[in-house]
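Working notes, beginning with the structure itself.
The values are calculated or read from the model by the stated rules, or taken from the named source; none is laboratory data. Note that the coordinates shown come from a computational prediction; the quantities given were computed from them, not determined experimentally. With ideal geometry, Cβ positions are generated from the backbone for all residues, glycine too; neighbour counts draw on all protein chains shown.
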Amino acid sequence: MTEQNREMATPFTEVVTNKIQKQAEQITTMQEKLNSLERALQDIIDVKKQLTDIKVAITGIKFPTKQMEELSGNLTTSVTLLKQPVENKVLHHHHVPKIIWVSGGLFAVLCLVFCGWYNTAQKLDQYRANDLKYRYLKLKTNPALQRILVLTDSLCQNQPDFDKAVLQGEDSVRDLIQNLVDAKEQEVNELKRKLK
């Protein structure tokens, strides 16, 4: 191969090397595209897996019909109860402690005791006054009065029913006085009728 051949072979080699370089560039771009397509394919596969997971999760989630029926039933009963509200009546219970009751009872008993002492003191004073009156009458030197007192003392000592006889005598005197009062009232009423 001579130089001529070489000269002729040079453009041919240049063209072939250019073509080979272009082919190599195309192969690398194709390879890059293939790699990007593989990545996209992997992304699509991942999305498909996530979609199937979501589908499984959605099918696992069921609408709670039983709970919804219970809720609607509870709502209807609560609505009817709210339409007819409950009336609140407040009852006041006043509680008095036992110590107050006990102290009130003791106060009442104490008042009764004082009343009894007062009445006893009055009766005792009356008995003392009557005793003084009787002793005064005994001191008088009037012989007729002395005989009456001795007779009265002997009647009281000798007759066991002397107190009953005195009480009956007092009752008869009271009845006599009441009859006189009634008679006078009748006379007054008759005079009033005559005046009319």
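Numbers at a glance
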quantity: Subset tally (residues that are of a type outside the set (D, E, K, R) and under 24 Å from the mean Cα position of the chain (by Cα)) for segment 60-100; calculated: 16
quantity: Any chance residue 20 is exposed (fewer than 10 other Cβ atoms within 10 Å of the Cβ), modelled with pLDDT of 85 or more, part of a helix (DSSP H, G or I) and not aromatic (Phe, Trp, Tyr); calculated: no
quantity: Test: residue 107 is at pLDDT 85 or above and of a type in the set (A, V, I, L, M, F, W, C); calculated: yes
quantity: Hits in segment 58-71 (condition: surrounded by 10 or more Cβ atoms within 10 Å (Cβ to Cβ) and either touching a Gly at 6+ places or on another chain (Cβ under 6 Å) or not charged (D, E, K, R) (or both)); calculated: 64, 68, 71
